[in-house]
Amino acid sequence: MATQAISTSLAPQKRTSLKVYFWRVANNYVLRRVIKALATIFVVITVTFFIIRLMPSNPVDIFIQEQMALYNSSYQEARDRAAALFAIDLTAPVTQQYLDYMGNLLRGDLGKSYRSQGAGVADIIKQFLPWTLFSVGTALFISFTLGVALGMVMAYRRETPLDYVLSTFASLVSSIPNYLIAIIIIVTFGSQLRILNIAQMRGSISPGVQPGFTLKFIGDVLYHAALPIFVYVLTTIGSWMLAMKSSTVATLEEDYVTVARARGLKDSRIMTSYVGRNAALPLFTQLAISIGFVVGGSVLIETIFVYQGIGQQLLKAINQRDYPVMQGIFLIITVAVVFANLLADLLYGRLDPRIRVGSEETK
Amino acid sequence: MTKTVLEVKNLWVEYPARRGVVQAVRGVSFDLCQGETLAFIGESGSGKTTLGLALVRLLPKSARVRQGNILFYQNGRVQDVLALSQEDLRQFRWRDCAMVFQGAQNSFNPVLRVESQFYDTARAHGMTGTAHVKQRAIDLLRMVQLDPNRVFRSFPHELSGGMRQRVLIALGLLLQPQVIILDEPTTALDILTQRSIIEVLRKLKKELDFSLIFISHDLSLAAELADRVATVYAGTIVEIGGVYDIFERARHPYTQALTHSVPTVTGDLRDLTSIPGSPPDLIVLPPGCAFHPRCPFATQRCKEQEPPLEPVGEGQFAACWNWREAMNKT
């Protein structure tokens, strides 16, 4: 009785002072995670900025060498042309360049390419990123869903011939580097067996096809993306399968699965809500990281299949020491990876109630 | 007279292993009456849990039921559990016979709320109408002394071990099964929680009419709850009888040793004795009576012939050649 009286008399006096409010905001889980993500991005930008400039040679020298090799011009001629073309001052102190770059970045300006007739970095990304997002994103979706499904099949049918076949397949394909598979496909199916017309499949779209919501356009896009997607799926599906298999096998041993059987639940219900959902939980972190890397694409695959995505642009920029383009692409990769992780952290609580943190008031 | 709800006849369960065949249950026969509580007691690894799992056919895939019958009697109908089809078996589980497992800590799907797990169970057995199920669930949760408003909407991890065990008992009663099997229901719980679980079970038994099979190594809990007690040794029942007979007038040397190895409230501590030796290897069983290497009354006959269960008192049976000697010694 006494305690009750005290608590009721205290309750109305509890006002949210400014200080309390401040601490509540500062302790907010989401806010803390966002700040951490931004800090990570800042550190990565800074580090890549300096590492890029530590690479041997520089854009001007590369350009001069290219000009000399291409047009057989003398060093002096090439140098003059370079000086005219490059309206940039690479002799400025690196710290000054860094401050300029960060200043521009804060205004949302990613800078201009040193090459490609001074095209804006943002425009380059806008032009090439969708192709990579489409091809790698589709591949990731197929690879994840198919891998999870096959992993569960392997776990349910473990120690059977089907399991042995799928396990061998999974470990085989996940241990071969993707560029090797790409080359093997081109050599066997393209050059030797001549089943695929590799030359025609190059690029991300056939010349003359108008973008639009037409069957022709969609078909053409899929035709060109088919091989990269196939290689991505083939080389990543193995790890999803094996991860899902081991996770499912562990989940099948859980008491609650036995109890669910004892409760007479239907097998389909047990497989989805009791086994599948719990077994897939550890895979979501991995999936989030993979989603982040979708943006980066695969430099080697895009180069081998001449698929015009962001990875190919990155390779080109590296070869030309095109600092702003490199920085721009690294920046979006970083942002994508960091935010995919952040999103995974925040969404994980939705999927697994046991780690729902901070979002609920402590009682 | 009371009618029989469950009859087990000569049940044999074995697990093939690398070293040989593990004989987990060897020729167990017993029957269970309506409203009765039968406790199976014995050391770890004596085959008690395998016996419980066999009753609802939840044995691991590797297990083999070599022979035997498990008959459920309900409304004049007989079901042979071992002969049920997969779908009939699914329906039979929980509706006719619910099993509450040891370590209820992990008995609930961690990503579903308690309520969904109640609804899941009801739906699997064709009980539709959420309101009806909810009402019954809330009544049951109240019966096991939980606050339904809090517990029903909770996730399993938000509940303590004792609460989860009680929720599982409530869930077990949801479909009004005729038989409930409790496998070590109080293991991993502290002594006060154990006590409250026992109280809850007693109260439920009084209010609802169901039979209980209670599997435990905790003799004092068995003594409190059971009407009849069966002692299990090396996969077989070595003695079965009324709870007072078993604890006061045990005839089998193993039962005697078991009851003397736990302290009593009133007894002298010096009376405590442990059983020499260790439980037998269920792959290579000793010839004759499996208990003879540890038995103080063992004779040549015990090493050669396995004793059958024979009446040693009213409703009391023991499997021992020398039960008379064992009786006179005490």
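The values are calculated or read from the model by the stated rules, or taken from the named source; none is laboratory data. Quantities reported herein were computed from a predicted structural model and do not represent experimental measurements. Using ideal geometry, Cβ is built from the backbone for each residue, glycine included, and neighbour counts are taken over all protein chains shown. Side chains are part of the model used for accessible areas, which takes the heavy atoms of the whole protein and leaves out ligands, DNA and RNA. Shrake-Rupley method; radii C 1.70, N 1.55, O 1.52, S 1.80 Å.
Under 26 Å from the mean Cα position of the chain (by Cα) and surrounded by 19 or more Cβ atoms within 10 Å (Cβ to Cβ): is that true of residue B:167 in this structure?
Spelling it out, residue B:167 is indeed under 26 Å from the mean Cα position of the chain (by Cα) and surrounded by 19 or more Cβ atoms within 10 Å (Cβ to Cβ).
What strands (runs of 3 or more DSSP E) lie completely within segment B:1-54 and have 1 or more residues being open to solvent by 10 Å² or more (accessible area, probe 1.4 Å), in the same structural domain as residue B:96 (by TED's automatic domain parsing) and out of contact with any helix residue (DSSP H, G or I) (no Cβ under 8 Å at 6 or more places or on another chain)? So that I can check it myself, show each step before the final result.
Values: elements: B:4-16, B:21-33, B:37-41.
Passing ranges, in order: B:4-16, B:21-33.
If you go through segment B:65-96, how many residues are facing chain A (nearest Cβ under 9 Å) and either in contact (Cβ under 8 Å) with a residue 40 or more places away in the chain or open to solvent by 30 Å² or more (accessible area, probe 1.4 Å) (or both)?
Adding up the residues that qualify gives 4.
What tally of residues in segment A:105-124 results from selecting those that are out of contact with any strand residue (DSSP E or B) (no Cβ under 8 Å at 6 or more places or on another chain), buried (at least 20 other Cβ atoms within 10 Å of the Cβ) and closer than 17 Å to residue A:295 by Cα? Step through it out loud before you land on a result.
Step one: filter segment A:105-124 for residues out of contact with any strand residue (DSSP E or B) (no Cβ under 8 Å at 6 or more places or on another chain), giving A:105-109, A:114-117, A:122-124.
If we keep only those that are buried (at least 20 other Cβ atoms within 10 Å of the Cβ) as well, we get A:114-115, A:124.
Then drop every residue that is not closer than 17 Å to residue A:295 by Cα, which leaves A:124.
The total comes to 1.
Looking at segment A:167-185, can you tell me whether even one residue there is more than 14 Å from chain B (Cβ to nearest Cβ) and outside any helix (DSSP H, G or I)?
Yes, that holds for at least one residue.
Exactly one of these conditions fails for residue B:158: (1) open to solvent by 10 Å² or more (accessible area, probe 1.4 Å); (2) in contact with a Ser or Thr (Cβ under 9 Å, 6 or more places away or on another chain); (3) farther than 20 Å from residue B:202 by Cα. Give me its number.
(2) is the only condition that residue B:158 fails.
Please find, among A:140, A:150, the residue that is within 30 Å of residue A:327 (Cβ to Cβ), in contact (Cβ under 8 Å) with a residue 40 or more places away in the chain and assigned to a helix (DSSP H, G or I).
Result of the check over A:140, A:150: A:140.
Would you confirm whether any residue within segment A:205-213 is outside any loop (DSSP other than H, G, I, E, B) and either more than 26 Å from residue A:150 (Cβ to Cβ) or modelled with pLDDT under 85 (or both)?
Initially, segment A:205-213 is screened for residues outside any loop (DSSP other than H, G, I, E, B), giving none.
Checking segment A:205-213: not a single residue is outside any loop (DSSP other than H, G, I, E, B) and either more than 26 Å from residue A:150 (Cβ to Cβ) or modelled with pLDDT under 85 (or both).
Go through segment B:136-159 and give me each residue that's without any contact (Cβ under 8 Å) to a residue 12 or more places away in the chain and outside any helix (DSSP H, G or I).
B:147, the sole residue that qualifies.
Quick one: count up the residues across segment B:96-128 that are of a type outside the set (Asp, Glu) and either within 18 Å of the chain's Cα centre (by Cα) or on the phi > 0 side of the Ramachandran plot (or both). I'd like the intermediate steps shown before the answer.
Looking only at segment B:96-128, we keep the residues that are of a type outside the set (Asp, Glu), and these are B:97-114, B:116-119, B:121-128.
Now restrict to residues that are either within 18 Å of the chain's Cα centre (by Cα) or on the phi > 0 side of the Ramachandran plot (or both): B:97-104, B:107, B:126.
Summing the residues that are of a type outside the set (Asp, Glu) and either within 18 Å of the chain's Cα centre (by Cα) or on the phi > 0 side of the Ramachandran plot (or both) in segment B:96-128 gives 10.
Which one of these is open to solvent by less than 70 Å² (accessible area, probe 1.4 Å), in contact (Cβ under 8 Å) with a residue 12 or more places away in the chain, part of a helix (DSSP H, G or I) and farther than 25 Å from residue A:341 by Cα: A:37, A:78?
One residue alone meets the criteria, A:78.
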